[in-house]
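Structure record follows, encoded as structure tokens.
The values are calculated or read from the model by the stated rules, or taken from the named source; none is laboratory data. Note that the structure is predicted; figures quoted are calculated from it, not measured. Here the Cβ is made from the backbone with ideal geometry for all residues, glycine too, and neighbour counts use every protein chain on show. Surface areas here come from the heavy atoms of the whole protein model, side chains and all, with no ligands, DNA or RNA. Shrake-Rupley method; radii C 1.70, N 1.55, O 1.52, S 1.80 Å.
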Amino acid sequence: MTVFAPNCLSPLQFACRERYCPLDAMHLILEKVHKASNDKLYSSALFLDDQGVFNKVLHPRLAEIMTTNNLPPYLVDWVQSYLSDRSVRITDGAASETAFSSIQVGIPQVSPLSPFLFNVYSSPLCHNHERLGVYLMISYVDNYCLLATSVSWQWNAITLTAAGNQLQLEANQEGMNFDLSKTELFHFPCGKSIPTADLPEVQFGEHHIPNNLEQRWVGVFFDRTLRATLHIEKHTAQAGSTLYKLAPLLQKLKPEMASRLIKATVIPALTFGLEIYTRNHINNREVVPINMCLKAAAKIVTGGWQKAELRAICAEAGLHAPHPLIKKCAISGAARLRDIPPTHPLHSLLPWNRPKAYNLKAGTRNYAQPWTANQGHTSHFQIDRILNNILPLIEDTTRPTLPTKPAIRAYIQ
């Protein structure tokens, strides 16, 4: 079915698509935020969550959307057959209904096909975001982000109020509804201007949505400084909780098996989304929680080494030390971005694809020079900084070209 996805899905729908990643959505948002900040514009985002999405999919409407977007008739019939003739019986453990009831609305929540079907069902909301007056609209399954940029946070709040209410009205017409308790507003920093809690609110229906100083979206945490501190603290806590629950089992395993289990469970929780923050240098203070988590994991594997240096105990346990682990995340994220398909929203923003005007400020100087050694004195955007982790430094920044994989491997090593 994913072969026919481009026929109906918006390019800004990031779920259930080959070589798309939820972190790409965050890269795109931050790319637009950094570009706006460099142009002296303020950015704000309204994050929305569709309520009970799988339970509200109307089968005839889904078939209509698939047919309108030229999906093959046999595929439409197959989906309708998959969703029809389903029934349910409710039980609370003590008593059960005597008969099964037919299900006329909704799609199975446990099916791996359901997120894709909902992507198709919600696609009319995601096309043509200009109708809402916003700079960008991104969705990931039932999570939506409306991004507005203007000369002030006040104007952004007005824009997002109108856009959010319009999107709610359109969603209601499709049988969907946004959860007000999960609707959040976040004003991004602009240059040296750091947002505060008393900034303008967004009015969503009869409810007022205040500005958040801390935000979470698609598993990435960020605060008003856009530094890695909050994200690392939250994911280190998750990884530490996983390690604590596994500790009794790890202590019974051989060191090699314990190390493999930690790499499969604890390390992914610890490093998820870390590539987002490799745009800037992650300083030693921000790395402290990672140090503590890795040291605890290494001690369980080795069974001691109380006073050993962290790098030594990690090496003995077969784990990466903190800074090599961060570098590995940076390299893997940058390598993935290098190979995104042409239909990907970030593809046109890669330095060898984007128009020359994107690199100019006031038509005079290049302010997004990719891969220059003097990074401290140039204003890089999100994508350029991420790619700096794998791409060779080059002399001529006016004509960036796609580097070859051998050149990348030679540069990394």
*Cβ pairs under 9 Å, 6+ apart, first in the range 245-261 and over 13 Å from Thr302 (Cα atoms), second modelled with pLDDT of 90 or more and open to solvent by 80 Å² or more (accessible area, probe 1.4 Å)*: Leu261/Leu249
_Residue count for the range 204-220, restricted to those that are more than 25 Å from the chain's Cα centre (by Cα) and surrounded by 19 or more Cβ atoms within 10 Å (Cβ to Cβ)_ = 0
*Identify all residues within the range 36-92 that are in a strand (DSSP E or B) and open to solvent by less than 50 Å² (accessible area, probe 1.4 Å); write none if there are none.*
Ser43, Ser44, Ala45, Leu46, Phe47, Leu48, Asp49, Asp50
*Cβ-Cβ under 6 Å pairs, at least 6 apart or on other chains, the range 160-173 side farther than 14 Å from Leu185 by Cβ, far side among the small types (Gly, Ala, Ser) and open to solvent by less than 30 Å² (accessible area, probe 1.4 Å)*: none
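One line per residue, one yes/no per condition, for (1) within 24 Å of Gln238 (Cα to Cα); (2) at pLDDT 90 or above; (3) surrounded by 19 or more Cβ atoms within 10 Å (Cβ to Cβ):
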{"residue": "Thr265", "(1), (2), (3)": "yes, yes, no"}
{"residue": "Val301", "(1), (2), (3)": "yes, yes, yes"}
{"residue": "Lys327", "(1), (2), (3)": "yes, no, no"}
{"residue": "Thr364", "(1), (2), (3)": "no, no, no"}
*From Ala237, Ala312, which residue is at pLDDT 95 or above and open to solvent by 30 Å² or more (accessible area, probe 1.4 Å)?*
Ala237
*Go through the range 170-203 and give me each residue that's of a type outside the set (S, T, N, Q), open to solvent by less than 40 Å² (accessible area, probe 1.4 Å) and within 30 Å of Asn38 (Cβ to Cβ).*
Leu185, Phe186, His187, Phe188, Pro189, Cys190, Pro195, Leu199, Pro200, Val202
*Would a scan of the range 340-358 turn up a residue that is over 17 Å from His281 (Cα atoms), of a type in the set (Gly, Ala, Ser), assigned to a loop (DSSP other than H, G, I, E, B) and modelled with pLDDT under 85?*
no
*Selection within the range 138-160 - open to solvent by 10 Å² or more (accessible area, probe 1.4 Å) and assigned to a helix (DSSP H, G or I)*: Trp153, Gln154, Trp155, Ile158, Thr159
_Candidate set from the range 143-190 (those that are among the acidic types (Asp, Glu) and in contact with a Phe, Trp or Tyr (Cβ under 8 Å, 6 or more places away or on another chain)); member that is farthest from Asn55 (Cα to Cα)_ = Glu184
